[in-house]
Amino acid sequence: MNTVERLILMANQIATNLATDDAPIAAVADHIQQFWDPRMKQLIFAHGTDGLSPVAAAAIGRLADAQNGA
Amino acid sequence: MTYQPQKDFGTPESRSNEAISLTIDGRNVTVPAGTSVMRAAAEQGTSIPKLCATDSVKSYGSCRLCLVEIDGRKGTPASCTTPVEPGMVVHTQTPHLAKLRKGVMELYISDHPLDCLTCAANGDCELQDQAGAVGLRDVRYDVQATHLGQEKDHSNPYFDFDPSKCIACSRCIRACDEVQGTLALTMEGRGWDSKISAGFASDNFMGSECVSCGACVQACPTATLVEKKVVEVGTPERSVVTTCAYCGVGCTFRAEMRGEQLVRMVPYKDGKANRGHSCVKGRFAWGYAQHQERILKPMIRASISDPWREVEWDEAFAYTASELKRISAKYGRNALGGITSSRCTNEETFLVQKLVRAGFGNNNVDTCARVCHSPTGYGLKTTFGTSAGTQDFDSVEDSDVILIIGANPTDGHPVFASRMKRRLRGQDGRPGAKLIVIDPRRTDIVRSPHIEAQHHLPLRPGTNVAVLSAMAHVIVTEGLTDEAFIRERCDWDEYSHWAEFVSQARNSPENLQPVTLVDAEELRAAARLYATGGNGAIYYGLGVTEHSQGSSTVMAIANLAMATGNIGRRGVGVNPLRGQNNVQGACDMGSFPHELAGYRHISDGDARRLFEDDWGVTLDPEPGLRIPSMLDAAVDGVFKALYCQGEDILQSDPNTAHVSAGLAAMECVIVHDLFLNETANYAHIFLPGSTFLEKNGTFTNAERRIQPVRKVMTPLNGLEDWEVTQRLAQAMGLDWNYSHPSEIMDEIARLTPTFAGVSFSRLDEAGSLQWPVTADAPEGSPIMHVDGFVRGKGKFVVTDYVPTDEKTGPRFPLLLTTGRILSQYNVGAQTRRTENVAWHPEDLLEIHPVDAEDRGLKSGDWVKLASRAGETTLRATVTDRVAPGVVYTTFHHAVTQANVVTTDFSDWATNCPEYKVTAVQISASNGPTEWQEEYEALSTRSRRVEAGIPAE
């Protein structure tokens, strides 16, 4: 498993475990923001949404947008 | 200080609040009701002769030496079994008593070898003392038959048993029963034939159920049970109180010394974590400190294929700093990182994370708690507001129901297990607490002498969350919650959301039984008992955290405790049993890449500014890399240098092949340790470490108790570990000038609100302090969340069961779970270098008889243990302690390297590895695996030292 594959697995795992949160996308985004180092975030932003669950993809998209000032 | 044993009051302390006044030898004394006359006398400084009494066990009244006279009473009652009464007038020294005592002593001495001058206990023998105290001058008996000349039992590696010196006082038996709770010893025969026996008459100590805790040796009033070290070197001449460096119980010991030589470690009766008890590791297994394989000189090499070259400290620091600077300049500051150790002191850990944040200029610092209790940090902070257990160890005395999940305290936390067992057995007419054990294995505490769990739920590994959801389902749907507590202390909306979730039919025990393999009725009964049985206390270990849902399980536990009102007072709570001695402290000290000391997120500008102002640097507001992410980044070629203090990640972390690939990809691996450990096979710089006996500092145990570690001998390597880190920081240009670890603690206290009232002088005064130690709680906080949760309202979190991605299948049909054993500690670097190998010389694979038969295996056979990650070989032991489909082993031996087979799967929130669930296959084997052969060759190559002197 390479690093990006591992990050996809981690993001999906976080999304699955936060699925019962009131606002799962925000919860996943917050978790990744709080615990992933900048390079991990950049790698998953650059990767796109392939292999990501809808909630994980939306959360990562939201973080990427925030970083890009969108 | 001249050597003095700790004062022995003869009988245990009474907890009564009622005060009783009496007169002893003309002096008034006031003591709690229930105190014995013997103890009352001892408390006023009067020493009544005694032999069968000692204050660690209940009075027995057999030796007839402690007789006293009491006005208005006939005869001469034994002072150890006579409770004080108001107005009682006691005489401890009268001519009549003197005559009686002398007669008793004469009989004892008539059957005791008169070899005092050459006896190991000479000068430290109660029989000798009492003979002197009663004025015995001769023995009139013409002795025809004696117990002298019996064969000694030398079988235990740490102590001898000489039955010829035994006075049959049974203190050892009672210590084994009451203090340790193993009940290994007995009195064989009656009257003249009475003889202490370990187990059956055919057993010696080593062959018996004795766990070598040392309680019997400590209780023995003669040299019948005596430490081999005392026999070898003589009695100590001074003592220093310090803290054990093994598990998270954090026992206080007296290091008893002759000069700079450690003679023995004796558990300290005033130690608040251990209350005078010990286990085989802390009491005896400290020989590694002087082991011949210790590395005492720094060593460097350009490549791991080169032999090591010994250098002086100055060269080592200059070279290390130049390498770190070179790599930072070439690859950027984020290419560097560090790992702090849960085996090192708070002060040392604090300095390593400070070096990384302030010196390396990033937050790439992590700690071995990553692979054990990081989910505790996440789970308890989320639900309660702080990352720590809620109780002190004494709290268990008030528990009515004890729920143990994913912990094996008799092996992992033996001294606390003895406290727990004492409560489970009941005492003085008070019935014992009820016990629920949730564990795939039938651990020893499930059924042991006088203890039997009311409910053992042998769940399928990986289904903790499902079991806890089912328990919550029962508690909520059967109306067993504590609504008043929840309404007052917790967020009601969050509770309602959670209650609605767990009430769903899919979370019922019956529905989840096919998943968990736990009988639904048994689970219902366990849930009812926990909710309604009185004070319910949960104790958990790595069987909770080391799963893909480790953090969820911790939160599910917290949910249960809040729902039943079992938080905020003695006897209840949520209690993580920490693995290593300073896991709690390492976490407190800001060892995680996202947190500063005191669990404040690195993105918190106010907290960061506090450190920036104090340290005169700018800190990176982004979290750094966790250990597994460091290894990923290394394999990717962007992480190049690691300072690893007191950890052996190659042996302890999962998926050894991935760890070794990460380490091999780095240009500068600095190992700071006692020995050339497995990680050092991939190291370029070795900085020799110091043992806990050679340095000052503090450890923080599982109950948040900050305890002093005191230097009792000069470091063999020349420097304490904090000095090594400081010298490295100075070589990198940092202006650090600590002259003593107390100054580091002052800095910690200045920057960490929960440590605000902590200092070495306060610790010296109090003995120990449990954080938070603040202006509001200057004496510390034994129980947390008393008037409300740290976060305000307790937070219920919905924890839905998510099956792990690690699946069994035709190729890997069994589930492996790993753990540890009493006599060994973690990766075994310390305990393998002691006589403890006598109990556990190799890792063994436990396999159920059905699974063994299917594969044609029997106990003692070599087997191949294979997973999707790798394979190793070890010997099997066939046992029904594990369920069919489950196998178990330990990870103490580098030869086995159980982590070759564990996978990269980890906890969703913290990346704590999923050690407890690996799909494996077991088959017969006739030799080591390819990995084992290659690794052995690598180790031999890597441990060469220039000039042909082997380092190990």
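Could you list, in sequence order, the residues of segment B:1-46 that are of a type in the set (Phe, Trp, Tyr) and modelled with pLDDT of 95 or more?
B:PHE9
Can you confirm whether segment B:463-472 contains a residue that is modelled with pLDDT under 95, assigned to a loop (DSSP other than H, G, I, E, B) and closer than 26 Å to A:ASN12 by Cα? Within segment B:463-472, none of the residues are modelled with pLDDT under 95, assigned to a loop (DSSP other than H, G, I, E, B) and closer than 26 Å to A:ASN12 by Cα. In this structure, B:CYS166 qualifies as more than 30 Å from B:ARG447 (Cα to Cα), surrounded by 22 or more Cβ atoms within 10 Å (Cβ to Cβ) and in contact with a Cys (Cβ under 9 Å, 6 or more places away or on another chain). Determine whether segment B:7-22 contains at least one residue that is in contact with a helix residue (DSSP H, G or I) (Cβ under 9 Å, 6 or more places away or on another chain) and aliphatic (A, V, I, L, M). Checked against the condition, which is being in contact with a helix residue (DSSP H, G or I) (Cβ under 9 Å, 6 or more places away or on another chain) and aliphatic (A, V, I, L, M), segment B:7-22 yields at least one hit.
Scanning segment B:626-662 for residues that are under 20 Å from B:ARG333 (Cβ atoms) and either among the basic types (Lys, Arg) or under 29 Å from the mean Cα position of the chain (by Cα) (or both) yields B:ARG626, B:ILE627, B:SER629, B:MET630, B:LEU631, B:LYS640, B:LEU642, B:TYR643, B:CYS644, B:GLN645. Summed over segment B:71-102, residues that are farther than 22 Å from B:ALA133 by Cα and either touching a Cys at 6+ places or on another chain (Cβ under 8 Å) or assigned to a strand (DSSP E or B) (or both) total 2. Within segment B:360-372, residues that are more than 13 Å from chain A (Cβ to nearest Cβ) sit with their Cβ atoms under 6 Å from residues that are of a type in the set (D, E, K, R), at 6+ positions apart or across chains, in these pairs: B:GLY361/B:ARG333; B:CYS368/B:GLU647; B:VAL371/B:ASP653. For segment B:449-462, the set of residues classified as in a strand (DSSP E or B), touching a helix residue (DSSP H, G or I) at 6+ places or on another chain (Cβ under 7 Å) and over 19 Å from B:ALA520 (Cα atoms) consists of B:ILE451 only. One residue stands out among those in segment B:130-163 that are surrounded by 14 or more Cβ atoms within 10 Å (Cβ to Cβ) and acidic (Asp, Glu): the one that is farthest from the chain's Cα centre (by Cα), which is B:ASP162. Among the residues of segment B:1-24, those that are more than 36 Å from the chain's Cα centre (by Cα) and either crowded, with 17+ Cβ neighbours inside 10 Å or closer than 20 Å to B:VAL266 by Cβ (or both) comprise B:ILE20, B:LEU22, B:ILE24. Among the conditions (1) of a type outside the set (Phe, Trp, Tyr); (2) under 22 Å from B:VAL401 (Cβ atoms); (3) more than 24 Å from the chain's Cα centre (by Cα); (4) within 14 Å of chain A (Cβ to nearest Cβ), B:ASP482 misses just one, which is (4). Of the residues contained in segment B:707-716, one or more are found to be in contact (Cβ under 8 Å) with a residue 40 or more places away in the chain and farther than 30 Å from B:ALA766 by Cβ. Taken over segment A:8-24, the criterion of being in contact with a Ser or Thr (Cβ under 9 Å, 6 or more places away or on another chain) and more than 8 Å from every other protein chain (Cβ to nearest Cβ) is satisfied by A:ALA11, A:ASN12, A:ALA15. On the given criteria, is B:ASP604 over 22 Å from B:LEU336 (Cβ atoms), of a type in the set (D, E, K, R) and away from chain A (no Cβ under 14 Å)? Taking the combined requirement at face value, the residue does not satisfy it. Among the residues of this structure, B:GLY533 counts as one that is in contact with a Lys or Arg (Cβ under 6 Å, 6 or more places away or on another chain) and modelled with pLDDT of 95 or more.
For beta carbons closer than 6 Å, sequence separation of 6+ or different chains, a first residue in segment A:25-39 that is more than 8 Å from every other protein chain (Cβ to nearest Cβ) and farther than 15 Å from B:TYR378 by Cα and a second that is among the β-branched types (Val, Ile, Thr) and surrounded by 19 or more Cβ atoms within 10 Å (Cβ to Cβ), the qualifying pairs are A:ILE25/A:VAL55.
So that you can scan it fast, the table gives a plain yes or no per residue for (1) away from every other protein chain (no Cβ under 14 Å); (2) surrounded by 20 or more Cβ atoms within 10 Å (Cβ to Cβ):
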| site | (1), (2) |
| --- | --- |
| B:PHE592 | no, yes |
| B:LEU596 | no, yes |
| B:ARG600 | no, no |
| B:GLU622 | no, no |
| B:ALA633 | no, yes |
| B:GLU647 | yes, yes |
| B:PRO654 | no, yes |
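Look at segment B:542-566: where a residue is within 14 Å of chain A (Cβ to nearest Cβ) and a partner is among the aliphatic types (A, V, I, L, M) and crowded, with 24+ Cβ neighbours inside 10 Å, sitting 6+ places away or on another chain with Cβ atoms under 6 Å, you get B:GLN549/B:VAL465; B:SER551/B:ALA909; B:SER552/B:VAL465; B:THR553/B:VAL465; B:THR553/B:VAL544; B:ALA556/B:VAL465; B:ALA556/B:LEU468. For B:SER79, the criteria (1) farther than 30 Å from B:ALA40 by Cβ; (2) at pLDDT 95 or above; (3) crowded, with 18+ Cβ neighbours inside 10 Å hold in every case but one, which is (1). Taken residue by residue, segment B:777-796 has at least one member that is within 14 Å of chain A (Cβ to nearest Cβ) and closer than 23 Å to B:THR386 by Cα.
The values are calculated or read from the model by the stated rules, or taken from the named source; none is laboratory data. Just so we're clear, the structure is a prediction, and the values are computed from it rather than from any experiment. Every residue, glycine as well, gets a Cβ built from its backbone with ideal geometry; the counts of neighbours run over all protein chains shown.
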